[in-house]
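The next block holds one structure in the form of structure tokens; read it before the comments.
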């Protein structure tokens, strides 16, 4: 069972503890990404409120937070997909990240591939969008598929692949042009345990080769297993940025449970501090 972050984890005593004890991110050495005071509003609503992030080159870095916390908006500002209303961000020292797009691989949370394309064609197409010659990108796509255990799927159309295989194809398309920075938005979402393990191994291999890896997640276990540093986003702010170990100690322990039935006598057995979010129940103060 994964421990997931929810907005409730950062309210009350838990949120107060994070706010009063959160250290600043003290990354040293060359930075792949540096952001200070990022602010973004949509229709007058504040989505991101003064985010500071510093990611060293070659690191594996996690952006943690509950759904709706501002993780995706922050990533899009960092990459230059949208501009901040306030604040500055630099990628490898450039304040216009879209101008160095060939150095970046980005996997958005909203997955999308042309269903009629073959697997290697889809990867090649994504490589061509990053400036590669199409023929070269397609050959590289075949190599990546072979190297990641999908050689049998090279000539299969996307519509013929399982969900996990299709997500792997899109991830390989993110990597086909050998980027220096890889940004993955909720990459583990929808993957089973086996494919999650394969993705974690792929992220480690990228870092071993010198690639900077950033991913967002609402499940802290992925960050524990992979990250050298994390930033926690809640309510559009960053109450903590630093080591995973310290973050784990300061996040109130919780378990998120989904039940088959919404009502029943079992409700009377729930502790007083349990909180309901739709079909989920969040339990806090669970012993580790």
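The values are calculated or read from the model by the stated rules, or taken from the named source; none is laboratory data. Bear in mind that the values here come from a model prediction, so they are computed numbers and not experimental data. Quick reminder, even Gly has a Cβ in these numbers, built from the backbone with ideal geometry, and neighbours come from all protein chains shown.
Here are the numbers for this structure:
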read-out	value
Flag if residue 32 is in contact with a strand residue (DSSP E or B) (Cβ under 9 Å, 6 or more places away or on another chain), within 17 Å of residue 185 (Cβ to Cβ) and at pLDDT below 55	no
Pick from the range 227-248, criterion assigned to a helix (DSSP H, G or I) and touching a helix residue (DSSP H, G or I) at 6+ places or on another chain (Cβ under 7 Å), ranking: modelled with the highest pLDDT	244
Residue within the range 38-51 that is surrounded by fewer than 18 Cβ atoms within 10 Å (Cβ to Cβ), touching a strand residue (DSSP E or B) at 6+ places or on another chain (Cβ under 7 Å), at positive phi and not in a loop (DSSP other than H, G, I, E, B) present	yes
Residue under evaluation residue 189, criteria (1) more than 27 Å from residue 87 (Cα to Cα); (2) assigned by TED's automatic domain parsing to the domain that holds residue 52; (3) in contact (Cβ under 8 Å) with a residue 24 or more places away in the chain; (4) not in a loop (DSSP other than H, G, I, E, B), criterion not met	(4)
Answer from 186, 224 - the residue that is within 13 Å of the chain's Cα centre (by Cα) and at pLDDT below 95	186
